[in-house]
Amino acid sequence: ARGEARHRLAFYDDALGQWQRHQSRLERELRDAISRREFRLYLQPQFAAGGRLHGAEALLRWMHPERGLLGPGDFIAEAEHCRLIQPIGDWVLEETLALLAGPLRDTDLMLAVNVSVQQLRDPDFPARVEALLQSHALPPHRLVLEVVESLLVTPGVMPRLASLHALGLSIALDDFGTGYSSLRYLQELEVDEIKLDKVFLDPLKLRQDAPLARSIIALARALGLRLVAEGVETADQADFLRRQGVTLMQGYYLARPEPKDIFLRRLDA
Ligand code: C2E
Ligand code: CA
Ligand code: CA
Ligand code: CA
């Protein structure tokens, strides 16, 4: 039995070794990805009533030299783990602001960026965002920072969000309703927007008239917050949302995330 245990341990060791080799390789590749210009900014359009373009959410992609186009699920966790999310997040912010200051300057389109907890842990983050806004001579109100609720419990994050909000940009609570203590934070934090998570709109819930979705929509209305429904995949969902008076929507039913250049073609249309 002892031999078998040792064998199992060796097997485990080997699997662990393989995992570690994979991770350190990923880390090395991530480290070079910015200078090699391998990141791509994708934009998923958000629409207002009547199909008018409201803006977009910036979603990061990585054009990996061997593995092809990767989504955040393939590398964001590792980037957070090895603290590379900070330079990567700066890159996303920089690209987004360049769009707002460049091709989107004479529009009223909003662009939203996802911000990770590591970025908000950095005491210098608000000052960097301010400097970026100033260097692009941008009015801040067209930038939305999306944060997930779970991140608000991290010490220091709430006051940092308050400083960011004081710059005049918008704060959105992402995946709203899927984390904890959302109501408490809604009161303490100056939030401008709620993103209604797609879990509240799944077909089963919709058939039961989606009481939670309706409650969150009512909550947003009572608090005077903008509400963006995300993950809208079907006409039924869009109809339901319209009946509830929700005008801002994002999801595959309307448009998938698309490369920056494709998104910009929407301006000519
Ligand atoms: P998220 O912020 O909740 O972004 C929405 C995700 O849902 C995106 O996945 C989007 O492609 C996907 N989606 C959009 N419409 C639909 C739909 O109708 N149905 C379904 N099933 N999915 C839809 P994506 O692009 O793979 O991003 C995954 C997550 O990675 C994001 O979730 C966000 O948390 C994170 N992420 C993306 N870009 C960045 C970034 O620049 N920085 C950081 N820190 N995180 C990012
Ligand atoms: Ca988001
Ligand atoms: Ca979300
Ligand atoms: Ca999510």
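The values are calculated or read from the model by the stated rules, or taken from the named source; none is laboratory data. Quantities reported herein were computed from a predicted structural model and do not represent experimental measurements. Methodologically, a virtual Cβ is constructed for each residue, glycine included, from the backbone with ideal geometry; neighbour enumeration extends over all protein chains shown. The accessibility values were calculated without ligands, DNA or RNA, using every heavy atom of the protein model including side chains. Shrake-Rupley method; radii C 1.70, N 1.55, O 1.52, S 1.80 Å.
A few notes on this one:
- Within the chain: Cβ-based charge dipole about Cα centre, in debye rounded to nearest 20 (Lys, Arg +1; Asp, Glu -1): 280 debye
- Counting only DSSP beta bridges whose two residues both lie in the chain, roughly 40 percent are antiparallel.
- For Glu80, neighbours were defined as the other residues whose beta-carbon sits under 15 Å from its Cβ, and their charges (Lys and Arg +1, Asp and Glu -1) total -2.
- For segment 205-260: rounded, prolate or oblate by the Cα gyration tensor [a/c cutoff 1.5]: oblate
- Cubic angstrom per residue, convex hull over Cα atoms of segment 1-121: 159 Å³
- Cut-off of 10 Å, at most 14 other beta carbons, DSSP loop: longest stretch of the chain lacking such chymotrypsin sites (Phe, Trp or Tyr not before Pro): 1-179
- Calculated on the Cα set of the chain, radius of gyration then Dmax: 20.6, 74 Å.
- 222 nm mean residue ellipticity, helices alone, for the chain (DSSP H n ≥ 4; -39,500 (n - 2.57); rounded to 500): -13500 deg cm²/dmol
- For Glu146, nonlocal amide neighbours, meaning residues 5 or more places apart or on other chains whose placed amide H falls under 5 Å from its own, are Val113, Asn114, Val115, Ala172.
- Normalised by the number of residues in segment 1-145, the mean separation of alpha-carbon contacts (under 8 Å, six or more apart) gives a relative contact order of 20 percent.
- Other-chain or far-sequence residues with amide H under 5 Å of Gly55's (modelled H): Gln46, Met110
- Based on Cα contacts under 8 Å between residues 6+ apart, the chain shows a relative contact order of 18 percent.
- Here the dipole of segment 1-156 is about 360 debye; that uses its Cα centre as origin and unit charges on the Cβ of Lys and Arg (positive) and Asp and Glu (negative).
- With all protein chains in place and a 1.4 Å probe, the accessible surface of the chain carries 52 percent carbon and sulfur.
- Label-zone membership for segment 227-269, site Arg221, 7 angstrom Cα→C-beta point, backbone N under 17 Å: 227-229, 238-249
- Take the chain and mark each of the trypsin sites (Lys or Arg not before Pro) that is in a DSSP loop with at most 13 other Cβ atoms within 10 Å; the longest unmarked stretch, sites excluded, is 106-269.
- Evaluated with a Cβ-only charge set (Lys, Arg +1; Asp, Glu -1), segment 152-233 carries a dipole of roughly 180 debye about its Cα centre, given to the nearest 20.
- Per residue accessible area in Å² of the chain, where ligands, DNA and RNA are left out and the probe is 1.4 Å: 52 Å²
- Cα gyration tensor shape of segment 150-267, rounded if a/c is under 1.5, else prolate or oblate by comparing a/b with b/c: oblate
- Prolate/oblate/rounded call for segment 151-196, Cα gyration tensor, a/c under 1.5 rounded: oblate
- Ala48/Ala127 FRET efficiency (R0 22 Å; Cβ-Cβ; nearest 0.05): 0.10
- Put simply, the amide H of Leu70, placed in the peptide plane, has neighbours under 5 Å in Trp62, Met63, His64, leaving out anything fewer than 5 places away on its chain.
- Two-site label geometry, Phe11 and Thr154: point separation in nm, points 7 Å out along Cα→Cβ: 3.8 nm
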